[in-house]
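Visitor: Below is the structure I would like to discuss, written out as structure tokens.
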């Protein structure tokens, strides 16, 4: 408990320190060792026995001629760079999922500060954070690199839920979290408008991720990490980023294992559609020439995106994301098959039972649906929704109309997860492991059940710091012990395991083993076969 409390206080301190980091140096009492990187030395702060290096620059500022261009290596600096506070989050494009504001979502904002970061974002944002048990000791610890959620629109590696201190201490691993360009700044396809010079513009956000992994390869040994044992992980949009990295030639050889949480990236955007969207944004921003493009203010770009996006669509779908351009991303990552380059990559993939409750809890109808309104709603959504509700009603007879509607809306997580797992299992030489988080959080009287993001504080071993989402009972810590054990074991060996779990057997198309993660976990066979086999647009 004490280490968790310290990490929570350290997270708050880091947020405070970040504003003044460039103006002060760490005191001798709490300074980390100085670590040499390819661009110069860095020094961070000790967090209760763990060395934390925050706001480390892994690429040059993407400004001026580098705006909308692939990332470049950072220029060398003189003196010791201050790594005691988080770097700026990249430009944010966050929209609330509904009109209702209650105490519960406000509390959750403390660990996923989406609204706060929109007030402090910046184009100069290509920073990463490192937590290590012992910088500079020559150790070769497994490296766990985390790519944040928020789709491709918002988020950062700075969120308190992603604090890597506890995971680093528990597993004797090195944890890295990454900021990268988002929305129009990372995924605006300008090639049709401005020519070959901007051929990569629709995918530079993902190229930032590649650059961060190159930084890990070239520098992590100085932080006590093993560059030849790197696991990439991500949830929601971060899971999609991991999926796409598995199919990007530029990322080949930069990681050894992959974890995809509630975000299977089966397919990519289409260049023509992305170019059309870009044209609307440029028109709304009044951008006609290259000079306009380089000089338009970042806030004007964000405002242009909002103008160019249909009312009600913002936040409801992936308006931005990587595109299958035939080069950077040769094709859809997992269609028609899994990427050949990742045949030897062990994969841990899964989802949460009630993903959509987090998104729809702010809607006026949440908690108020009747059988009649449920029938009308699902009828309007189509035959697949009707079939999903029928299947879930049989499985969960205690579910209210509200929770039946919410779980049916989440079938894309289910079907996408199993489609990706099937595709990988068919061709890979390395194993695939699948989980389904069924443990329910008690917050709000249990109204969210097993929502989107619930897995994050558990696998990061941040249950105490994330009580706003997981509650304060001992079951939350049991789940955190179980899941952090499994994720650490996977990073070390390629097999998830824990003394709190039964044997976790690989998933194959012949034996669809799925670990249901609960206080009493169990390995089950094809637990959502009826949903998995529903006709799908995927």
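Visitor: Given the residues 430, 489, which is the only one that is within 21 Å of residue 349 (Cβ to Cβ), free of Cβ contacts under 8 Å to residues at least 12 places away in the same chain and surrounded by fewer than 24 Cβ atoms within 10 Å (Cβ to Cβ)? Steps first, please.
Guide: Working: 430 fails: free of Cβ contacts under 8 Å to residues at least 12 places away in the same chain.
Residue meeting the stated conditions: 489.
Visitor: Would you say residue 398 is surrounded by fewer than 23 Cβ atoms within 10 Å (Cβ to Cβ), over 29 Å from residue 95 (Cα atoms) and free of Cβ contacts under 8 Å to residues at least 24 places away in the same chain?
Guide: Numbers: surrounded by fewer than 23 Cβ atoms within 10 Å (Cβ to Cβ): yes; over 29 Å from residue 95 (Cα atoms): yes; free of Cβ contacts under 8 Å to residues at least 24 places away in the same chain: yes.
Considered against the rule, which asks whether it is surrounded by fewer than 23 Cβ atoms within 10 Å (Cβ to Cβ), over 29 Å from residue 95 (Cα atoms) and free of Cβ contacts under 8 Å to residues at least 24 places away in the same chain, residue 398 comes out as yes.
Visitor: Tell me which residues, restricted to the stretch 390-421, are over 22 Å from the mean Cα position of the chain (by Cα) and within 26 Å of residue 507 (Cα to Cα).
Guide: Scanning the stretch 390-421 gives 391, 392, 394, 395, 396, 408.
Visitor: Please verify whether residue 55 is at pLDDT 95 or above, within 22 Å of the chain's Cα centre (by Cα) and outside any loop (DSSP other than H, G, I, E, B), treating the condition exactly as stated.
Guide: Numbers: at pLDDT 95 or above: yes; within 22 Å of the chain's Cα centre (by Cα): yes; outside any loop (DSSP other than H, G, I, E, B): yes.
Yes, satisfied.
Visitor: So if I check each of 469, 437, 458, 454, which one is surrounded by 24 or more Cβ atoms within 10 Å (Cβ to Cβ), under 16 Å from residue 513 (Cβ atoms) and touching a residue at least 24 places away in the same chain (Cβ under 8 Å)? Steps first, answer last, please.
Guide: Working: 469 fails: under 16 Å from residue 513 (Cβ atoms); 458 fails: under 16 Å from residue 513 (Cβ atoms); 454 fails: under 16 Å from residue 513 (Cβ atoms).
Exactly one of 469, 437, 458, 454 is surrounded by 24 or more Cβ atoms within 10 Å (Cβ to Cβ), under 16 Å from residue 513 (Cβ atoms) and touching a residue at least 24 places away in the same chain (Cβ under 8 Å), namely 437.
Visitor: In the stretch 430-538, which helices (runs of 4 or more DSSP H) lie fully inside it and hold 2 or more residues that are over 27 Å from residue 408 (Cα atoms), modelled with pLDDT of 95 or more and touching a helix residue (DSSP H, G or I) at 6+ places or on another chain (Cβ under 7 Å)? Show your work before the answer.
Guide: Numbers: elements: 455-459, 467-470, 474-493, 529-532.
Passing ranges, in order: 474-493.
Visitor: Got a sec? Which of 61, 74 is under 20 Å from residue 156 (Cβ atoms), modelled with pLDDT of 95 or more and buried (at least 19 other Cβ atoms within 10 Å of the Cβ)? Don't jump to the end; show me each part of the working.
Guide: On the way: 61 fails: buried (at least 19 other Cβ atoms within 10 Å of the Cβ).
The unique qualifying residue is 74.
Visitor: Right, next: Within the stretch 402-416, how many residues turn out to be touching a strand residue (DSSP E or B) at 6+ places or on another chain (Cβ under 9 Å) and in a helix (DSSP H, G or I)? Before you say what the answer is, go through the steps one by one.
Guide: Initially, the stretch 402-416 is screened for residues touching a strand residue (DSSP E or B) at 6+ places or on another chain (Cβ under 9 Å), giving 410, 413-414, 416.
This time we only want the ones that are in a helix (DSSP H, G or I), so: 413-414, 416.
Result for the stretch 402-416: 3.
Visitor: Kindly evaluate residue 369 against the criterion of being surrounded by fewer than 21 Cβ atoms within 10 Å (Cβ to Cβ) and either under 29 Å from residue 230 (Cα atoms) or touching a residue at least 60 places away in the same chain (Cβ under 8 Å) (or both).
Guide: Values: surrounded by fewer than 21 Cβ atoms within 10 Å (Cβ to Cβ): yes; either under 29 Å from residue 230 (Cα atoms) or touching a residue at least 60 places away in the same chain (Cβ under 8 Å) (or both): no.
So residue 369 fails the test.
Visitor: OK, next. Select from the stretch 33-48 the residues that are outside any strand (DSSP E or B) and at pLDDT below 95 and list them in ascending order. Give the derivation first.
Guide: As a first pass, look at the stretch 33-48 and keep what is outside any strand (DSSP E or B): 33-34, 38-39, 44, 48.
48, the sole residue that qualifies.
Visitor: Just checking, does the stretch 141-156 include any residue being over 25 Å from residue 110 (Cβ atoms), without any contact (Cβ under 8 Å) to a residue 24 or more places away in the chain and surrounded by fewer than 24 Cβ atoms within 10 Å (Cβ to Cβ)?
Guide: First pass over the stretch 141-156, keeping only residues over 25 Å from residue 110 (Cβ atoms): 141-143.
Adding the requirement that they be without any contact (Cβ under 8 Å) to a residue 24 or more places away in the chain leaves none.
No: the stretch 141-156 contains no residue that is over 25 Å from residue 110 (Cβ atoms), without any contact (Cβ under 8 Å) to a residue 24 or more places away in the chain and surrounded by fewer than 24 Cβ atoms within 10 Å (Cβ to Cβ).
Visitor: Please determine, by comparing only the residues of the stretch 347-371 that are touching a helix residue (DSSP H, G or I) at 6+ places or on another chain (Cβ under 7 Å) and assigned to a helix (DSSP H, G or I), which one is nearest to residue 492 (Cα to Cα).
Guide: Top of the filtered list is 357.
Visitor: May I ask you to say which residue of 350, 416 is at pLDDT 95 or above and under 25 Å from residue 104 (Cβ atoms)?
Guide: 350
Visitor: Looking for whichever is closer than 23 Å to residue 251 by Cβ, touching a helix residue (DSSP H, G or I) at 6+ places or on another chain (Cβ under 9 Å), in contact (Cβ under 8 Å) with a residue 12 or more places away in the chain and surrounded by fewer than 24 Cβ atoms within 10 Å (Cβ to Cβ) here; the options are 191, 161. Which one fits? Walk me through it before giving the result.
Guide: Details: 161 fails: closer than 23 Å to residue 251 by Cβ.
On inspection, the qualifying residue turns out to be 191.
Visitor: Where in the stretch 241-346 are the helices (runs of 4 or more DSSP H), entirely inside, with at least 3 residues that are surrounded by 18 or more Cβ atoms within 10 Å (Cβ to Cβ) and in contact with a helix residue (DSSP H, G or I) (Cβ under 7 Å, 6 or more places away or on another chain)? Don't jump to the end; show me each part of the working.
Guide: Working: elements: 271-285, 290-295, 298-308.
The helices (runs of 4 or more DSSP H) meeting that bar are 271-285, 298-308.
The values are calculated or read from the model by the stated rules, or taken from the named source; none is laboratory data. Here the structure is a predicted model, which means the values were calculated and not measured. When we count neighbours, we look across all protein chains shown, and the Cβ atoms used for this are built from the backbone with ideal geometry, even at glycine.
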